[in-house]
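Okay, so here's the structure we're looking at.
The values are calculated or read from the model by the stated rules, or taken from the named source; none is laboratory data. Everything numeric in this text was worked out from a predicted model, so none of it was measured. Cβ sites come from the backbone with ideal geometry, for glycine too, and all protein chains shown count toward neighbours. With ligands, DNA and RNA removed, areas are computed over all heavy atoms of the protein, side chains included. Shrake-Rupley method; radii C 1.70, N 1.55, O 1.52, S 1.80 Å.
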Amino acid sequence: MREPVTVSDLEQDLDTFIELFIADYRAANAGIHHSNSDGIPTVSQTDLPPSVSVTGEPEKTYPDAGLTELRADQFRISISGGRFTQALTTRALQQFSDAGYPLKPSHGQDNRITLGMELTQRTLEDRCPGKVLYESGLYLVEQVQLARNRRVSIWSDTWLRETTQVVTPRSQQQLESDQDALLQQFIDSLRSH
């Protein structure tokens with residue numbers, strides 16, 4: 001939480017992030033590109049993006065492409081819900097079982113795909129008495145290989161739904177309702193693949 005920001009603040013933050021990216025890019029690509037007298041990398045003809053051809057055919061879209069070929073036996077579920085974690089985990093496992101996708105809870109790092117659920121509440125008493133910062137999200141996290149460097153793979157979200165709100169503290173029933181809705185979106189997407 002912070003005081004309201006101005007356009008100038010946003011522009012300054014953007015400038016800082018761009019400068020950091022450029023510095024990291026230059027350090028990582030030292031000796032690869034030639035620079036002009038200003039020290040700015042020049043773009044050679046081979047650095048240009050591939051040309052794009054326009055056809056009369058509609059472009060294919062891939063909603064929830066991260067679920068393609070995903071089987072229930074490939075992933076585990078992990079839920080973070082504060083004092084309600086155990087009850088929410090039990091409820092989520094039952095929801096998946098009822099939908100025909102029996103899952104197991106995640107215990108530690110087992111190199112499996114993880115479906116992570118966060119229903120967290122952080123008190124804001126110092127700034128907003130009676131309110132919490134409520135984050136609800138569902139994340140499918142798996143190891144992915146980078147297209148530009150096949151030797152590198154990272155753990156990344158491949159499917160997600162998330163919101164952050166300032167609200168009155170959520171009850172267990174409200175958390176269960178939010179969880180049910182998020183998990184149903186995931187199950188519906190899983191079924192459509």
Residues with amide H under 5 Å from that of residue 77, placed H, sequence gap 5 or more
104, 106, 115
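Based on the Cα atoms of segment 83-171, what semi-axes does the equivalent ellipsoid have, where each is the square root of 5 times one gyration tensor eigenvalue, given in whole Å with the largest first?
Values: eigenvalues 174, 84, 22 Å².
Calculated on Cα positions only, the semi-axes equal 29, 21, 11 Å.
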Over segment 132-193, what lengths in whole Å, largest first, do the semi-axes of the equivalent ellipsoid take, defined as the square roots of 5 times the eigenvalues of the alpha-carbon gyration tensor?
30, 16, 7
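Probe radius 1.4 Å, ligands and nucleic acids left out: which of 10, 133 has the largest accessible area, and how do the rest follow? Intermediate values should be presented prior to the final figure.
Numbers: 10 100, 133 40 Å².
Listed by decreasing accessible area, they come as 10, 133.
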Can you give the accessible area of residue 18 in Å² (nearest 10), computed on protein heavy atoms with a 1.4 Å probe?
80 Å²
Just to verify a number: FRET efficiency for residue 171 and residue 192, C-beta to C-beta distance, R0 = 22 Å, to 0.05?
0.10
From the phi of every residue in segment 132-138, what ³J(HN,Hα) in whole Hz does the Karplus formula 6.51 cos²θ - 1.76 cosθ + 1.60 yield, where θ is phi - 60° and glycine or proline is x?
10, 8, 9, 10, 10, x, 10
Sequence-distant or interchain residues sharing an amide H contact under 5 Å with residue 131, placed H: which?
124
